[in-house]
Every structure is written in structure tokens, then in C-alpha cells.
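The values are calculated or read from the model by the stated rules, or taken from the named source; none is laboratory data. Given the structure is predicted, the values throughout are model-derived calculations rather than measurements. Every residue, glycine as well, gets a Cβ built from its backbone with ideal geometry; the counts of neighbours run over all protein chains shown.
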Amino acid sequence: MKRVLIVLLFTVAAVAQTRDLEKGKKILEQTIQALGGQAYLNTHEFRTEGRAYQFDRYEELAGMARIVNYEKQPDKFRQEMGKDGDVVYVVNGDQGWERTFRGVKEMMPADVERIRTSRELSIDTILRFRLKEPGLEVAQVGVDIVDGRQVDLLEIVDSQNRVVNLTVDRKSHLPIRREWVRRLPKTGDREENVETLGKYIRAKGTSIMMPTYIRRERNGIKIFEAFYNEVQAGGKLADSFFERPAGPELKDPRRR
């Protein structure tokens, strides 16, 4: 019995050692400095331009287009796609719209919720706005090798028990992967999401590092890939830029 108790105590201690809150905090501090330090934390407006690729459930190419993203963090986002930016997606807090050549329609609540959740659990939102949030905890949970590089594995848990697993390059201290699970509103089914980040460069005229490669997977299937050739940080984007796009109203047949 005594031997069993000793083994159990050793196992518990080993598990506790793999979840290191102090190391987790230190690694995120290094990440913030690698991303640009105070300049990174104080900058909330961004523009990225490049080319995007969308994939179907068989990971076959379903579409590609020029893409321009505008962000006013934490909750405003505008995406323009196509040569002339004729397809527009806007999310502003709990509201969202989609504009095509047919007109403008409101996004379905489930689509807005998916985008909002992804942004609330994004690296930028966590580092810039949520680190001091009550109940948010950051821990190092291990080390690993990814693509020949040593990495730290972090687990970030918020007061709603939402978990973000973050992979950070040990040499550059830059984040290279984000993983999170979303529960579907209607069914409660798990939706597993992975975002890969790479090819960091400094935003024009700043010390802020931004990724120029982004890949997203959902439930193990690649759904999106983007290569950005231009990244800008700072400037002023008017709130009106993130309101409903101009155009005739288009009713969504899914709405009753």
C-alpha cells in the first residue's frame, strides 16, 4: 500500500511539474517582446494584402483571390476579396454583413459567433487585451520539436474554460501555431481548429512583427491558406469603415 501511495504521489507531482505557470508567463513576455514590445501592445489597427486560397472538404482548391484585411481590434474586421474588392465581409462586434454583386445581407448569427469566438481566442486579442482578465491562466505544458525547431507548448484557459493551445518557437519566441475547440451552438459538437503562422516580417515603418503566411484547418481538414505581400500596422481607420457596406438589401433564404 505504501509503495502504491508513493507512486501515486510521484505521478501527481510529475503532472504538476508539466504545468508551469511561471514559465508560461515568462514565455508570453518574451513573445510580446519578439512581436514588438510596447509598440505591439499599443497598436490596434492593421492592413494586410495578399492572395488567399479556399479549400473544400476534400482539401481540393475551391477558389483563390486577392485579399485585403482591415482590423480595428478587438472587435472590428473587414475583408475585401477579388481584383476590385467586390466581395466584402464585415464583422463589428455582434453584427456582420456580406456584400456581393447581388447585394448586401446580414451574416447568420452562427457565422458571426464563429468569427467572434476565433477573434476572442486569437493571439493578438489575448496578448493585447486579455492577459489581465480575471480567471485567465497561462501555463507551459511541455516542449516539443516542430519542423526541426524546438518549441514551447502553452495552454491558455479563460474564465469560461475555453482553452487555446499555443506553440511558440524557442529561438525566435514567435507564435507558430494556435489550436482551439469551439462547441457548435445548436448541436454542441466539437469543432477543432488549428491556425499555422509563419514567415514573419516587420510591418512597414514599424518594429511590429506580423506573419505573412496563415493556414487554417477545421476538424483536420485544410480550409484556408493566405500569403501576404504587404503588412501595415498603425494609422487610423474610421469606425464607419466597419459598418454595413453600401448596396441593396439582399434577404438570406435561411432566415425566416
- Message: Criterion first (touching a strand residue (DSSP E or B) at 6+ places or on another chain (Cβ under 9 Å), touching a residue at least 24 places away in the same chain (Cβ under 8 Å) and β-branched (Val, Ile, Thr)) does Thr212 satisfy it?
- Response: yes
- Which listed residue is in contact (Cβ under 8 Å) with a residue 60 or more places away in the chain and either under 29 Å from Tyr40 (Cα atoms) or not in a strand (DSSP E or B) (or both), from Arg66, Arg99, Arg57: Arg57
- Query: In this structure, is Arg162 among the basic types (Lys, Arg), modelled with pLDDT of 95 or more, in contact with a Pro (Cβ under 9 Å, 6 or more places away or on another chain) and closer than 25 Å to Gln30 by Cβ?
  - Reply: no
- Message: Yes or no: region 212-224 includes at least one residue that is of a type in the set (S, T, N, Q) and under 27 Å from Leu184 (Cα atoms).
- Response: yes
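Would you mind finding the one in Glu29, Glu59, Glu45, Glu22 that is at pLDDT 90 or above and over 24 Å from Leu166 (Cβ atoms)?
Glu59
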- Of (1) in a strand (DSSP E or B); (2) small (Gly, Ala, Ser); (3) touching a Gly at 6+ places or on another chain (Cβ under 8 Å), Gly247 satisfies all except one. Which? (1)
- Task: Kindly indicate whether Pro134 is free of Cβ contacts under 8 Å to residues at least 60 places away in the same chain and either crowded, with 16+ Cβ neighbours inside 10 Å or not small (Gly, Ala, Ser) (or both).
- Result: yes
